[in-house]
Amino acid sequence: MSFMQIHNLKVHYPVRGGILNSVVDYIYAVDGISMEFEKGKAYGLVGESGCGKSTTGKVIIGLEKITAGRICYEGVDVTNSNNHRKSAFNRDIQMIFQDAHSSLNPRKRVQDIIAEPIRNFLKLTPKEEKRKIHELLEIVGMPEDAKYKYPHEFSGGQKQRIGIARAIATNPKLIIADEPVSALDLSVQAQVLNFMKEIQREYGLSYLFISHDLGVVQHMCEHISIMYKGRFVETGSKYDIYKNPQHIYTKRLLSAIPNTSPIGRDERKKERILVEKHYQENVRKYFDRQARVFDLVPVSKTHFVAATSSMKGGF
Ligand SMILES: Nc1ncnc2c1ncn2[C@@H]1O[C@H](COP(=O)(O)OP(=O)(O)OP(=O)(O)O)[C@@H](O)[C@H]1O
Ligand SMILES: [Mg+2]
């Protein structure tokens with residue numbers, strides 16, 4: 001059972017122009033997506049730059065205004081409400097940002113950065129707060145004296161750990177992780193990802209894991225949605241997406257996953273060229289006249305693909 005549902009979410013940004021600076025058009029950053037989050041599971045959101053991934057994360061957490069749609073948390077509509085449920089929602093949904101450097105206030109010491117959500121949401125005495133900060137630093141594998149330092153005194157991977165400590169400070173149910181490792185070196189990426197998996201298991205955390213990298217998402221997520229121009233072209237279990245992809249765009253993204261193994265390198269290259277050729281020749285059929293993604297139709301109970309009804313079964 002999912003504890004949180006998102007129905008037909010939309011974020012449209014007005015574009016102003018002309019001498020009157022009136023609204024002349026809209027950017028459909030997010031244009032009708034639905035998601036469900038389950039306890040202890042990671043939901044992957046993948047797509048190319050500008051497809052609306054960060055906007056999705058930001059609107060869920062309340063950093064962007066919602067144009068249309070509904071967010072339900074533990075059976076209650078929290079889209080616009082301002083009651084105690086909303087405050088529980090704000091406590092239980094936290095975010096880790098792509099660029100740990102700019103998301104940590106450079107003028108604050110680590111202890112004050114981590115204390116921020118604690119002070120906002122948990123009623124702790126100064127002594128309890130101190131203990132909590134100590135505990136959080138230990139969980140993310142940072143030395144205790146880190147609390148007196150400023151963000152610039154840490155490496156990228158360490159900064160991301162501080163961001164994670166802040167995000168888990170309120171014992172959240174869901175963490176929205178927006179490209180949490182894309183700014184890090186490959187070896188550090190693996191460390192941070194494995195650490196995120198560990199705390200997920202330990203605390204029954206759920207993730208909305210945002211990435212442009214299908215390889216990373218495969219490692220982290222049970223359910224995956226492929227986003228294109230603000231909509232989902234395909235959504236399904238990890239198995240559905242990696243073993244039985246339906247949409248031409250998903251197939252193209254899959255064929256582009258880097259694989260450094262020399263075994264089968266030539267075959268992979270040939271396959272990639274074939275997929276790209278097929279994509280270029282057929283891509284128009286997969287989108288409507290305005291190059292808009294079709295509505296989703298079911299492939300199975302867990303698997304949905306954007307298609308017209310006439311295309312169903314005809315991929
Ligand atoms: N505040 C804003 N005002 C107007 N347009 C915006 C705003 N924020 C984002 N956009 C536009 O909305 C679209 C989606 O942006 P978003 O940042 O969600 O993409 P993304 O998938 O996260 O991309 P990336 O992989 O590069 O991070 C883009 O066309 C972007 O230019
Ligand atoms: Mg982004």
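The values are calculated or read from the model by the stated rules, or taken from the named source; none is laboratory data. Fair warning: this is a prediction, and the values are worked out from it, not measured in the lab. Heads up, the Cβs are rebuilt from the backbone with ideal geometry, glycines too, and the neighbour counts pull from every protein chain shown. Keep in mind that these areas ignore ligands, DNA and RNA; they rest on the heavy atoms of the full protein, side chains included. Shrake-Rupley method; radii C 1.70, N 1.55, O 1.52, S 1.80 Å.
I want to verify a result. In a Gaussian network model of the chain, Cα cutoff 10 Å, which of these has the top mean-square fluctuation: LEU205, LEU186, LEU20?
The residue that fluctuates most here is LEU20.
Kindly write out, for the stretch 167-181 in residue order, the coupling ³J(HN,Hα) from the Karplus curve 6.51 cos²θ - 1.76 cosθ + 1.60 (θ = phi - 60°), rounded to whole Hz, with x marking Gly and Pro.
Ordered by residue, 3J(HN,Hα) equals 5, 8, 4, 9, 6, x, 8, 10, 10, 8, 10, 8, 6, x, 10 Hz.
Extension gain ARG289-ASN171, at 0.36 nm per residue separation less the Cα-Cα distance, in nm? Please report the intermediate quantities before stating the final value.
Values: separation 118, 0.36 × 118 = 42.48 nm, distance 4.62 nm.
Taking ARG289 through ASN171 to full extension adds about 37.9 nm, to one decimal.
Please list, ordered by chain and number, the residues whose modelled amide H lies under 5 Å from the amide H of GLY44; skip anything fewer than 5 residues away on the same chain.
PHE209, GLU222, HIS223, ILE224, SER225
How much of the DSSP bridge set in the chain is antiparallel, in percent, rounded to the nearest 5?
Numbers: 32 of 50 bridges.
Of all bridge pairs located within the chain, approximately 65 percent are antiparallel.
From the cross-link list LYS229/LYS270; LYS65/LYS132; LYS159/LYS270; LYS10/LYS130; LYS173/LYS301; LYS86/LYS132, which pairs have alpha carbons spaced over 30 Å apart?
Numbers: LYS229/LYS270 28 Å; LYS65/LYS132 33 Å; LYS159/LYS270 41 Å; LYS10/LYS130 41 Å; LYS173/LYS301 25 Å; LYS86/LYS132 24 Å.
The answer is LYS65/LYS132; LYS159/LYS270; LYS10/LYS130.
Of the candidates VAL275, VAL293, VAL181, which one comes out as most mobile in a Gaussian network treatment of the chain with C-alpha springs shorter than 10 Å?
VAL275
Which whole-number value in Å² is the accessible area per residue of the chain, probe 1.4 Å? Before the final figure, lay out the partial values.
Details: 16770 Å² over 315 residues.
Per residue, the chain has an accessible area of 53 Å².
Of ASP99, ASP266, ASP295, which has the largest mean-square fluctuation in a 10 Å C-alpha GNM of the chain?
ASP266
Under 13 Å Cα to Cα from LYS149, which aspartates and glutamates show up? Leave out anything in the same chain fewer than 8 places away.
ASP112
Quick one: pull the percent of accessible area on the chain belonging to carbon and sulfur, 1.4 Å probe, ligands and nucleic acids left out. Please list the in-between numbers first.
Numbers: 8430 of 16770 Å².
Percent of accessible area from carbon and sulfur atoms in the chain: 50.
Quick query: amide H of VAL297 versus all other amide H atoms, modeled in the peptide plane; which residues come in under 5 Å with a sequence gap of 5 or more or a different chain?
HN-HN under 5 Å from VAL297: VAL305, ALA306, ALA307.
At a Förster radius of 41 Å, what calculated FRET efficiency corresponds to the Cβ-Cβ distance of ARG70 and SER182, to the nearest 0.05?
Numbers: r = 30 Å, r/R0 = 0.74.
Once rounded, the FRET efficiency stands at 0.85.
Could you work out, for the chain, what percent of all Cα-Cα pairs fall into each 20 Å distance bin, beginning at 0 Å and stopping at the bin that holds the largest distance?
30, 55, 15, 0
For a Förster distance of 35 Å, can you work out the FRET efficiency between the beta-carbons of SER34 and GLU138, rounded to the nearest 0.05?
On the way: r = 38 Å, r/R0 = 1.10.
With R0 = 35 Å, the Cβ-Cβ based efficiency is 0.35.
Send over the per residue convex hull volume for the stretch 244-315, Cα only, as a whole number of Å³.
On the way: hull volume 7.6 nm³, N = 72.
Cα convex hull per residue, to the nearest whole number: 105 Å³.
Identify the trypsin sites (Lys or Arg not before Pro) of the stretch 123-175 meeting these criteria: DSSP loop state and at most 15 other C-beta atoms within 10 Å of the C-beta. Mind showing how you got there, number by number?
Details: sites: LYS123, LYS127, LYS130, ARG131, LYS132, LYS147, LYS149, LYS159, ARG161, ARG166, LYS173; in loops: LYS123, LYS149, LYS173.
Taking the stretch 123-175 and a limit of 15 other Cβ atoms within 10 Å, the loop trypsin sites (Lys or Arg not before Pro) found are LYS123.
How big is the accessible area of ARG268 in square angstrom, nearest 10, if you roll a 1.4 angstrom probe over the protein chains?
So the heavy atoms of ARG268 present about 60 Å² to solvent.
Using θ = phi - 60° and the Karplus form 6.51 cos²θ - 1.76 cosθ + 1.60, what ³J(HN,Hα) does each residue of the stretch 13-19 get, whole Hz, x for Gly and Pro?
Values per residue, Gly and Pro as x: 9, x, 10, 9, x, x, 5 Hz.
Show the residues, 5+ positions off or on another chain, whose built amide H is closer than 5 Å to the amide H of GLU64.
When sequence neighbours closer than 5 places are left aside, the close amide H contacts are VAL59.
Heavy atoms of the protein only, probe of 1.4 Å, neighbouring chains included. What is the accessible area of TYR242 in Å², nearest 10?
TYR242 has an accessible surface of roughly 40 Å² with all protein chains in place.
May I ask for the net charge around PRO151, where only other residues with Cβ less than 10 Å from the Cβ of PRO151 are counted and Lys, Arg are +1 while Asp, Glu are -1?
So the surrounding residues net to +4.
How about LYS41: which aspartates and glutamates have a C-alpha closer than 20 Å to its C-alpha, ignoring those fewer than 8 places off in the same chain?
GLU74, ASP92, ASP178, GLU179, GLU198, GLU202, ASP213, GLU222, GLU234, ASP240
Rounded to the nearest 10 Å², what accessible area does SER103 have for a 1.4 Å probe in the complete protein model?
Surface open to solvent at SER103 totals about 30 Å².
Helix 126-139: angle to the longest alpha-carbon principal axis of the chain, degrees 0 to 90, nearest 10?
Once rounded, the angle reads 50 degrees.
Residue by residue, what Karplus-based ³J(HN,Hα) values in Hz, rounded to whole numbers, does the stretch 198-204 have, using 6.51, -1.76 and 1.60 with θ = phi - 60° and x for Gly and Pro?
4, 5, 4, 5, 5, 10, x
Compare the peptides 70-81, 217-228, 47-58 by average per-residue count of other Cβ atoms within 10 angstrom and give them in order, highest first. Numbers along the way, then the final one.
On the way: 70-81: 15.3, 217-228: 22.6, 47-58: 19.6.
Averaged packing, sorted descending, gives the order 217-228, 47-58, 70-81.
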